[in-house]
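Peer 1: Once you've had a glance at the structure underneath, I'll fire off some questions.
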Amino acid sequence: MFVDLQQDWAAGVAAGLAADGLARFDRIRTRAQLVTLGASLGQIVPHRDSEGDGVTTLEHRAGLAHRLGFEGFGTGALPPHTDRSGVPEPPALLLVVCGRKSTTGGECIAIDGRTVYADLAMNEPEAVQALTRPRTALFGGASGHLGSVFEQAQGGRIRVRYRRDNLAKYSPEITRWLPVLDAAIDRHTVRFTLEPGQGYVLHNHRWMHGRAAFTGERVMYRLSLNPHPEFAIPSGFVVPDVLGVAS
């Protein structure tokens, strides 16, 4: 869903999120406008790397890029992941706006966890069972969160929590299923580019995201949010049947 912010700003984005877990938009001309959109949609959640307004500027910073957990400040590819997987309650929404395009590469990637779950439920049901088992994945290092890739949430819904770098450790009982999971993620990866002023917002409990490697001076601005209750944006997704009934 692509939202025209001139017609219906936060309400239009919220409708896309409630339906699909992801919405795209454009015409963001200033950082202040970005913060206004974020505050209209939800409560801004500060990040380790954010500035006073809650915005994190993602650009190449050679002094940070090679540190574990700071790869977003490099120019390499970022594999699919959910944000803040190492905390018990990760922010629900991730809002990203392009400030400057890369010279080459740098495409955004996004993967609907519901589609991945449905794929596995149809083709590898044992994988779904294993990846839903509690206390089988440690995210964020020794002091992080012990949980699972697919988590049970309120109302019988499922939430996704995922990363595959050295800040994630998986138990032997599910390690054998990780290649199967990664293959399903690859099958359902969507790639797109952003022009300056364009952006997207996704539900971090449903969608994984990442980026392709790039050259040039790419700049992205990121906000983490928890949606305002009046928008009724549900967390995660309803367990799909093998026929792909909509959530």
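The values are calculated or read from the model by the stated rules, or taken from the named source; none is laboratory data. Given the structure is predicted, the values throughout are model-derived calculations rather than measurements. Quick reminder, even Gly has a Cβ in these numbers, built from the backbone with ideal geometry, and neighbours come from all protein chains shown. The accessibility values were calculated without ligands, DNA or RNA, using every heavy atom of the protein model including side chains. Shrake-Rupley method; radii C 1.70, N 1.55, O 1.52, S 1.80 Å.
Peer 1: In region 186-197, is there at least one residue being within 20 Å of Gly86 (Cβ to Cβ), surrounded by 16 or more Cβ atoms within 10 Å (Cβ to Cβ) and not charged (D, E, K, R)? First the steps, then the outcome.
Peer 2: Initially, region 186-197 is screened for residues within 20 Å of Gly86 (Cβ to Cβ), giving none.
No: region 186-197 contains no residue that is within 20 Å of Gly86 (Cβ to Cβ), surrounded by 16 or more Cβ atoms within 10 Å (Cβ to Cβ) and not charged (D, E, K, R).
Peer 1: Just give me the residues in region 1-24 being at pLDDT 80 or above and assigned to a strand (DSSP E or B), in sequence order.
Peer 2: Kept after step one, since they are at pLDDT 80 or above, are these residues of region 1-24: 10-24.
Correct list: Leu22, Ala23, Arg24.
Peer 1: Give the residues of region 209-239 that are within 18 Å of Gly12 (Cα to Cα), open to solvent by 40 Å² or more (accessible area, probe 1.4 Å) and part of a strand (DSSP E or B), sorted by residue number.
Peer 2: Asn226
Peer 1: Taking the options Ser143, Ser85, Ser102, name whichever one is open to solvent by less than 20 Å² (accessible area, probe 1.4 Å), in a loop (DSSP other than H, G, I, E, B) and either small (Gly, Ala, Ser) or more than 24 Å from Ile28 (Cβ to Cβ) (or both). Please lay out each step first, then the result.
Peer 2: Values: Ser143 fails: open to solvent by less than 20 Å² (accessible area, probe 1.4 Å); Ser102 fails: open to solvent by less than 20 Å² (accessible area, probe 1.4 Å).
Being open to solvent by less than 20 Å² (accessible area, probe 1.4 Å), in a loop (DSSP other than H, G, I, E, B) and either small (Gly, Ala, Ser) or more than 24 Å from Ile28 (Cβ to Cβ) (or both) holds for just one of Ser143, Ser85, Ser102, which is Ser85.
Peer 1: Looking at Ala153, Ala130, which one is surrounded by 16 or more Cβ atoms within 10 Å (Cβ to Cβ) and of a type in the set (A, V, I, L, M)?
Peer 2: Working: Ala153 fails: surrounded by 16 or more Cβ atoms within 10 Å (Cβ to Cβ).
Exactly one of Ala153, Ala130 is surrounded by 16 or more Cβ atoms within 10 Å (Cβ to Cβ) and of a type in the set (A, V, I, L, M), namely Ala130.
Peer 1: Select, from Glu107, Glu59, Glu71, the only residue that is touching a residue at least 40 places away in the same chain (Cβ under 8 Å), among the acidic types (Asp, Glu) and farther than 29 Å from Phe237 by Cα. Reasoning before the result, please.
Peer 2: Numbers: Glu107 fails: farther than 29 Å from Phe237 by Cα; Glu71 fails: farther than 29 Å from Phe237 by Cα.
Going through Glu107, Glu59, Glu71 in turn, the sole match is Glu59.
Peer 1: Going by the structure shown, is Val180 open to solvent by 20 Å² or more (accessible area, probe 1.4 Å) and either farther than 18 Å from Arg114 by Cα or in a helix (DSSP H, G or I) (or both)?
Peer 2: When the stated conditions are applied, Val180 passes them.
Peer 1: How many of the residues making up region 201-218 are under 8 Å from the mean Cα position of the chain (by Cα) and not aliphatic (A, V, I, L, M)?
Peer 2: Qualifying residue count for the region: 7.
Peer 1: Could you count how many residues in region 51-71 are open to solvent by 30 Å² or more (accessible area, probe 1.4 Å), in a loop (DSSP other than H, G, I, E, B) and out of contact with any Phe, Trp or Tyr (no Cβ under 8 Å at 6 or more places or on another chain)?
Peer 2: Residues meeting the conditions: 6.
Peer 1: Still on this structure: Within the group Glu217, Glu195, Glu230, Glu173, which residue is touching a helix residue (DSSP H, G or I) at 6+ places or on another chain (Cβ under 8 Å) and not aromatic (Phe, Trp, Tyr)? Explain how you work it out, then say what you get.
Peer 2: Working: Glu217 fails: touching a helix residue (DSSP H, G or I) at 6+ places or on another chain (Cβ under 8 Å); Glu195 fails: touching a helix residue (DSSP H, G or I) at 6+ places or on another chain (Cβ under 8 Å); Glu230 fails: touching a helix residue (DSSP H, G or I) at 6+ places or on another chain (Cβ under 8 Å).
The unique qualifying residue is Glu173.
Peer 1: Take region 105-127 and flag every residue that is within 16 Å of the chain's Cα centre (by Cα), over 23 Å from Glu151 (Cβ atoms) and open to solvent by 20 Å² or more (accessible area, probe 1.4 Å).
Peer 2: Listed by number, the list holds a single entry, Glu107.
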